[in-house]
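These notes are about the structure you will find just below.
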Amino acid sequence: MTETPPPRRARAEIDLGALRANVRTLRARVAPHVRIMAVVKADAYGHGAVRCARAALEAGADWLGTATPQEALALRAAGITDVPVMCWLWTPGDPWDQGIEAGLDMAVSGLWALEEVVAAARRTGGTARIQLKADTGLGRNGCQPADWPELVGAAREAEAEGLVRITGLWSHLACADEPHHPSIAGQLDVFREMLDHAEKAGVRPEVRHIANSPATLTLPEAHFDLVRTGIAVYGISPSPELGTSADFGLRPVMSLKASVALVKRVPAGHGVSYGHHYVTGTGTTLGLVPVGYADGVPRNASGRGPVLVDGRRRTVAGRIAMDQFVVDLDGDTPAPGAEAVLFGPGDGGEPTAEDWAVAADTIAYEIVTRIGARVPRVYLGG
């Protein structure tokens, strides 16, 4: 059997061995009774949901998490049927019936959602697995403390009828990536109070959880029964202020590479790319890298984005276009087809996703997640 050669224009290499090692590292960070959820929303932060989900489970993850029901149902359709899958971003009219039939854990943040899931349970004849979300201070999804007794009471009534099973009580931290932020302790206090109310009302959840990646790494008091590990699974630090990936024993999973499409010599004073925001100071060589913002390379890193070409760090020269950008090679003449590494683990001299985040004034989460479908994923390590 002839193997398909790796794509020449561009590719995102996904190191599944690194992902498994990251999950094992995260497992070692929590107590033995605490379960690990590998979050694979947004196509596993751009890495490929199904392949990453399977690798995470092989390494010891207990749960999978997604944002939308469609993402969760896609995991089930791919044959991942024997582990709990939670999805938390539901809107009116979403496929509650399918969620029940697929055995998903479905987040409920208000009475409208409880009413829809109960109606779906009556239609399907099944029992819906639901997790009640508390807004402990983030101010996004979740039930406010003042409304919590009503939601818990209604959910308990539905549970008594056999229409739902309350499998979880959960919340989300606003500032876990900011060390010593006063909101962290405040949210944990509110969460404990809301847990206490629900448990006094008779709720017996399988899991209680509030910890995301930064809380998993730095806040053991927030671990409860389960931690939701997202960006850390993919080897990226959730906050440079907390520490680098290496500080936490994590290794970045994605490397973004392209082939130099053209190398040419130009004179001094030559404008480069749209708007001529870069003009050559001397006679030099330019290299054309055939990826752009249509592939997820952030345009606002124009003139700043770092690239490793021919063993040397270069910088994007001028504006990043839809399909391509240019680097000034300072007279070097690598052959067309030479490898350009936009980011990777960093141990070979290449930039990291965090370097691109700094260049684009964003976070590394966005750098990896935005790499588009036009860039094939090439999986390494099984």
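To keep it simple, each residue is scored yes or no on (1) over 33 Å from the mean Cα position of the chain (by Cα); (2) within 25 Å of Pro7 (Cα to Cα); (3) acidic (Asp, Glu).
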residue	(1), (2), (3)
Leu250	no, no, no
Val279	yes, no, no
Thr284	yes, no, no
Pro298	no, yes, no
Ile320	no, yes, no
Phe325	no, yes, no
Gly331	yes, no, no
Pro334	yes, yes, no
Ala338	no, yes, no
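For segment 350-380, the set of residues classified as open to solvent by 50 Å² or more (accessible area, probe 1.4 Å), in contact with an Asp or Glu (Cβ under 6 Å, 6 or more places away or on another chain) and assigned to a loop (DSSP other than H, G, I, E, B) consists of Arg374 only.
Just a yes or no: is a residue in segment 226-238 part of a helix (DSSP H, G or I) and small (Gly, Ala, Ser)? Within segment 226-238, one or more residues are part of a helix (DSSP H, G or I) and small (Gly, Ala, Ser). Pairing residues of segment 11-38 that are farther than 30 Å from Val260 by Cα with residues that are among the acidic types (Asp, Glu) and open to solvent by 10 Å² or more (accessible area, probe 1.4 Å), at Cβ distances under 6 Å and at least 6 apart in sequence or on separate chains, gives Arg35/Asp62; Ile36/Asp62. Checked against the criterion of being touching a residue at least 24 places away in the same chain (Cβ under 8 Å), assigned to a loop (DSSP other than H, G, I, E, B) and of a type in the set (Ser, Thr, Tyr), segment 174-190 has no qualifying residue.
Residues of segment 290-318 being crowded, with 21+ Cβ neighbours inside 10 Å and of a type in the set (Lys, Arg), which ones? Listed by number, the list holds a single entry, Arg314. Filtered by the rule that a residue be part of a loop (DSSP other than H, G, I, E, B) and under 22 Å from Ala232 (Cβ atoms), segment 312-347 gives Gly344, Pro345, Gly346, Asp347.
Restricting to segment 148-170, what's the tally of residues that are under 32 Å from the mean Cα position of the chain (by Cα) and not in a helix (DSSP H, G or I)? Number of matching residues: 7. Among the residues making up segment 200-220, those that are open to solvent by 10 Å² or more (accessible area, probe 1.4 Å) and either in contact with a Gly (Cβ under 9 Å, 6 or more places away or on another chain) or under 21 Å from Trp63 (Cβ atoms) (or both) are Ala201, Arg204, Pro205, Glu206, Arg208, Asn212, Leu217, Thr218, Leu219, Pro220.
Within segment 86-106, the residues that satisfy the criterion of being surrounded by 22 or more Cβ atoms within 10 Å (Cβ to Cβ) and either part of a loop (DSSP other than H, G, I, E, B) or in contact with a Phe, Trp or Tyr (Cβ under 7 Å, 6 or more places away or on another chain) (or both) are Met86, Trp88, Trp90, Leu104, Met106. Assessment of segment 130-152 against the conditions (in contact with a His (Cβ under 8 Å, 6 or more places away or on another chain) and free of Cβ contacts under 8 Å to residues at least 12 places away in the same chain) yields no matching residue.
The residue that is surrounded by the most Cβ atoms within 10 Å (Cβ to Cβ), counting only those in segment 7-32 that are among the aliphatic types (A, V, I, L, M) and part of a loop (DSSP other than H, G, I, E, B), is Val30.
Residue by residue through segment 244-276, note down the ones that are open to solvent by 20 Å² or more (accessible area, probe 1.4 Å), assigned to a loop (DSSP other than H, G, I, E, B) and within 18 Å of Leu329 (Cβ to Cβ). Those that are open to solvent by 20 Å² or more (accessible area, probe 1.4 Å), assigned to a loop (DSSP other than H, G, I, E, B) and within 18 Å of Leu329 (Cβ to Cβ): Ala261, Pro267, Ala268, Gly269, His270, Ser273. Filtering segment 74-85 to residues that are part of a helix (DSSP H, G or I) and surrounded by fewer than 22 Cβ atoms within 10 Å (Cβ to Cβ) leaves Ala74, Arg76, Ala77.
Of all residues in segment 319-332, none are under 23 Å from Gly243 (Cα atoms) and surrounded by fewer than 16 Cβ atoms within 10 Å (Cβ to Cβ). Residues in segment 110-154 that are open to solvent by 20 Å² or more (accessible area, probe 1.4 Å) and among the polar types (S, T, N, Q): Thr124, Thr127, Asn141, Gln144. The residues of segment 233-243 that are modelled with pLDDT of 95 or more and either open to solvent by 20 Å² or more (accessible area, probe 1.4 Å) or polar (S, T, N, Q) (or both) amount to a single one, Ser237.
The values are calculated or read from the model by the stated rules, or taken from the named source; none is laboratory data. Keep in mind it's a predicted model, so treat the numbers as computed, not measured. Because the Cβ atoms are built from the backbone with ideal geometry, glycine has one as well, and the counts that use them run over all protein chains shown. Accessible surface is based on the protein model in full, side chains and every heavy atom, while ligands, DNA and RNA are left aside. Shrake-Rupley method; radii C 1.70, N 1.55, O 1.52, S 1.80 Å.
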